[in-house]
Amino acid sequence: SAVISQKPSRDICQRGTSLTIQCQVDSQVTMMFWYRQQPGQSLTLIATANQGSEATYESGFVIDKFPISRPNLTFSTLTVSNMSPEDSSIYLCSGGLAGVQETQYFGPGTRLLVL
Amino acid sequence: QKEVEQDPGPLSVPEGAIVSLNCTYSNSAFQYFMWYRQYSRKGPELLMYTYSSGNKEDGRFTAQVDKSSKYISLFIRDSQPSDSATYLCAMSDPSSASKIIFGSGTRLSIRP
């Protein structure tokens, strides 16, 4: 199984600022994803991180608010821009093999609180 | 209507009880069905997966899929306090490039 690490594990930020979350996987995954999990709710897919090209965003999420980079197969970043208290959430990255759903592994998450 | 519906609980049962967790879905294109377990302050971990209708057993866990009713279940036998966690059902269709749709999760507590 893949080991996925994220940093920071948590942060408290001021309204209007931006935070970049890093995700590192320890093996050659082909797919990387970013999710948001609001308190007591399920995981919502933000975007698929594509290596060397623009991420594919889900409905309701836009690149200006959540820019994503994936410079190589095993590393990706998610930036939460111009934050508001509504962005307070847990942000998780996952990695896996294309078309093999059971290989999708999750990082521990980044707990973000925006004041 | 959400694509995947799951009772959020919380569900509290005594140790040793049989636990039944359920989800319904609306998208008949879903072919892959998964159950994830998420401990507090951790990321979800895959517990069970199946591609077809019927039952799949793994130790104390049994996953059941009924595609005709669009209904999936996870049974936990001889439940232990260490099973206390949030359980999320999840599913996807073959054309989705690994995109997974999650249920809202059921919080389970096993009382010693």
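Some observations on this one:
- Considering the stretch B:1-25, the residues that are in a loop (DSSP other than H, G, I, E, B) and open to solvent by 50 Å² or more (accessible area, probe 1.4 Å) include one that is farthest from B:LEU108 (Cα to Cα), namely B:GLN1.
- For the stretch A:32-60, a tally of residues being open to solvent by 70 Å² or more (accessible area, probe 1.4 Å) and modelled with pLDDT of 95 or more returns 0.
- Subset of the stretch A:2-31 (residues that are of a type in the set (A, V, I, L, M) and surrounded by 13 or more Cβ atoms within 10 Å (Cβ to Cβ)): A:ALA2, A:ILE4, A:LEU19, A:ILE21, A:VAL25, A:VAL29, A:MET31
- Just one residue in the set B:PRO81, B:PRO14 is over 30 Å from A:ILE4 (Cα atoms), more than 14 Å from chain A (Cβ to nearest Cβ) and touching a residue at least 60 places away in the same chain (Cβ under 8 Å); that residue is B:PRO14.
- Some residue of the stretch B:104-111 being at pLDDT 95 or above, within 11 Å of the chain's Cα centre (by Cα) and more than 11 Å from chain A (Cβ to nearest Cβ): no
- Residues (without any contact (Cβ under 8 Å) to a residue 60 or more places away in the chain and of a type in the set (A, V, I, L, M)) located in the stretch A:4-59: A:LEU43, A:LEU45, A:ILE46, A:ALA47, A:ALA49, A:ALA55
Each row is one residue, and each column tells you yes or no for (1) within 12 Å of another protein chain (Cβ to nearest Cβ); (2) touching a Pro at 6+ places or on another chain (Cβ under 6 Å); (3) open to solvent by less than 40 Å² (accessible area, probe 1.4 Å); (4) without any contact (Cβ under 8 Å) to a residue 60 or more places away in the chain.
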residue: A:VAL62; (1), (2), (3), (4): no, no, no, yes
residue: A:LYS65; (1), (2), (3), (4): no, no, no, yes
residue: A:PRO71; (1), (2), (3), (4): no, no, no, yes
residue: A:THR74; (1), (2), (3), (4): no, no, yes, yes
residue: A:VAL80; (1), (2), (3), (4): no, no, yes, no
residue: A:SER89; (1), (2), (3), (4): no, no, yes, yes
residue: A:ALA98; (1), (2), (3), (4): yes, no, no, no
residue: A:GLY107; (1), (2), (3), (4): yes, no, yes, no
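- Single match in A:THR77, A:THR103 (criterion: closer than 30 Å to B:SER95 by Cβ and at pLDDT 90 or above): A:THR77
- All conditions in (1) within 14 Å of chain B (Cβ to nearest Cβ); (2) surrounded by fewer than 16 Cβ atoms within 10 Å (Cβ to Cβ); (3) closer than 14 Å to A:CYS13 by Cα hold for A:SER84, with the sole exception of (1).
The values are calculated or read from the model by the stated rules, or taken from the named source; none is laboratory data. Computed from a predicted structure; not experimentally measured. As a convention, Cβ positions derive from the backbone with ideal geometry for all residues, glycine included, and neighbour counts pool all protein chains shown. Heads up: the accessible areas ignore ligands, DNA and RNA and are worked out on the full protein's heavy atoms, side chains in. Shrake-Rupley method; radii C 1.70, N 1.55, O 1.52, S 1.80 Å.
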